[in-house]
Amino acid sequence: MSATARKTAPMPDDIRAMKGASPIVSLTAYTTPMARMMDDYCDFVLVGDSVGMVLHGLPSTLGVTMEMMILHGQAVARGLQKAMLVIDMPFGSYEQGPAQAFSNAARIMAETGAAAVKLEGGVHMAETIAFLVARGVPVMAHIGLTPQSINTLGGYKVQGRGDQTEALMRDAHAVADAGAFSVVLEKVPASLADRMTAELAIPTIGIGASAGCDGQILVVDDMLGLFTAFKPKFVKRYAALGAVGEAAIAEYAAEVRARSFPGPEHIFADAAPQKAPQK
Ligand code: KIV
């Protein structure tokens, strides 16, 4: 499906049907202007809980709340017409069990208009995924490096190497069998991501995985060079907007101090210019 040819946003089933047909393009967004910028080009847009680190300066995603996800979800929804909206379930909003997950997922969907939610976890989340899907909540799964578990994973390491490989394969099959319509693979060795892509009937969305995945996602502030605190290996910077922005701010500050801004074209005269009389 070509994003530019589309008139309405795809639904989770349309994203699932793209497997094997066309690479799925996605980015994160947290604001209306950013969502507008990517709407023509992305098949789906994720309001990731990365919002906590990228926009709110938190040290990890663990402090992100339901209120933050809903506020940013509503902002992004206002900027999208053609791309599907997916919203992350924040840490602590679904792990207690299926009933907690359903009530928070339903709130996210009702208050933002999102078509689906994303949650982290494999085998141990399968029951919750099946519960949500059976009750009308499409779920995008997220396995491999799951940043909400950094304290138990021991940091932001590549997942699924060596003797972890088969356990991660089981995670992939568990979320697909539970009814997830797609699965994000984060920081998974390329050969394992390719195996998952071949074995699963649902699309794999890679981030630090493999060009062979059914789709790719990046954090938009990373790929635009707006978030520069650190750069994971899997990020390609397509622009350096942070540097462009800083140069513009430095120029503005210099002009204000030199009293050369505002110029005559930016200020107002005492009286508004008279309109010519209508004939
Ligand atoms: O929160 C996020 O931005 C994500 C993507 C990295 C997939 O989960």
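The values are calculated or read from the model by the stated rules, or taken from the named source; none is laboratory data. Here the structure is a predicted model, which means the values were calculated and not measured. Positions of Cβ are backbone-derived with ideal geometry, glycine not excepted, and every protein chain shown enters the neighbour counts. Please note that ligands, DNA and RNA were not included when accessible areas were found on the heavy atoms of the full protein model with its side chains. Shrake-Rupley method; radii C 1.70, N 1.55, O 1.52, S 1.80 Å.
Straightening the chain between Q278 and A21 buys 86.4 nm, computed as 0.36 nm per residue apart minus the Cα-Cα spacing.
Looking at the chain, the DSSP beta bridges with both ends there are about 0 percent antiparallel. Solvent exposure of the chain amounts to 50 Å² per residue of accessible area, where only protein heavy atoms count and the probe is 1.4 Å. Here the chain is assigned +1 on the Cβ of each Lys and Arg and -1 on the Cβ of each Asp and Glu. Its dipole about the Cα centre then comes out at about 600 debye.
From a point 7 Å beyond the Cα of K233 in the direction of its Cβ, which residues of the range 134-175 have a backbone N at a distance under 13 Å? Hits in the range 134-175 for K233 at 13 Å: 156-161. Accessible-area rank, largest first, for K231, K187, K7: K7, K231, K187, with all protein chains present and a 1.4 angstrom probe.
The residue list V133, F181, A239 was ranked by how far each Cα lies along the charge dipole of the range 124-279 toward its positive end, using unit charges on Cβ atoms, and A239 comes out on top. Within the full protein context, the accessible area of V54 is estimated at about 30 Å² for a probe radius of 1.4 Å. For the range 84-156, what does the alpha-carbon gyration tensor say about shape, rounded, prolate or oblate, given a ≥ b ≥ c as the root eigenvalues, a/c under 1.5 as rounded, and a/b over b/c as prolate? Because a/c hits 1.5 or more and a/b exceeds b/c, the range 84-156 counts as prolate. Would you mind classifying the range 12-223 by shape? Square roots of the alpha carbon gyration tensor eigenvalues, ordered a ≥ b ≥ c; an a/c under 1.5 is rounded, otherwise it is prolate if a/b is larger than b/c and oblate if not. Rounded, since a/c falls under 1.5. Charged neighbours of G245, selected by a Cβ distance under 12 Å, balance to -3 (K, R count +1; D, E count -1).
Over the chain, dividing the summed -39,500 (n - 2.57) contributions of all DSSP H runs of at least 4 residues by the number of residues returns a 222 nm mean residue ellipticity of -10500 deg cm²/dmol. What do you get for the angle between helix 165-178 and the principal long axis of the chain? Use alpha-carbon atoms, 0 to 90 degrees, nearest ten. Value to nearest ten degrees: 80. Pairs of Lys residues in the chain, spaced 8 or more positions apart or belonging to different chains, with C-alpha separations under 25 angstrom: 21 in total. In the chain, Cα pairs under 8 Å separated by at least six residues give a relative contact order of 15 percent.
Along the charge dipole of the range 12-223, pointing to its positive end and built from +1/-1 on Cβ of Lys, Arg, Asp and Glu, which listed residue (L119, C42, G154) has its Cα farthest out? So the residue we want is C42. With the Kirkwood sum run over all distinct C-alpha pairs, the range 4-86 has a hydrodynamic radius of 13.2 Å. In this structure the amide hydrogen of S182, modeled in the peptide plane, comes within under 5 Å of the amide hydrogens of A141, none closer than 5 places in sequence on its chain. Reducing the range 111-148 and the range 201-272 to their Cα centroids gives an inter-centroid distance of 30 Å.
Extension gain for F261 to V244 (0.36 nm times residue separation, less C-alpha to C-alpha distance): 4.2 nm. A Förster distance of 25 Å, applied to the separation of the beta-carbon atoms of T8 and M66, puts the FRET efficiency at 0.35. Under 5 Å between amide hydrogens, built in the peptide plane, is the criterion, and for E120 it picks out nothing among residues at least 5 positions away or on other chains.
Between the helical axis of 66-79 and the dominant principal axis of the chain, each derived from Cα atoms, what acute angle in degrees is found, rounded to the nearest 10? The two axes meet at around 60 degrees. A straight chain from T165 to Y252 at 0.36 nm per residue would run longer than the Cα-Cα distance by 26.0 nm. Close amide-amide hydrogen proximity is noted between L85 and V45, A115, each under 5 Å apart and 5 or more residues distant or on a separate chain (H modeled in the peptide plane; Pro and chain starts excluded). Since only S103, A269, L192 are under comparison, the one whose Cα sits farthest along the positive direction of the charge dipole of the chain, derived from C-beta charges on Lys, Arg, Asp and Glu, is A269. In order along the range 119-136, phi translates into HN-Hα couplings of 9, 9, x, x, 3, 6, 9, 4, 4, 5, 4, 4, 4, 5, 4, 5, 10, x Hz, rounded to whole numbers, per the Karplus curve 6.51 cos²θ - 1.76 cosθ + 1.60 with θ = phi - 60° and x for Gly and Pro.
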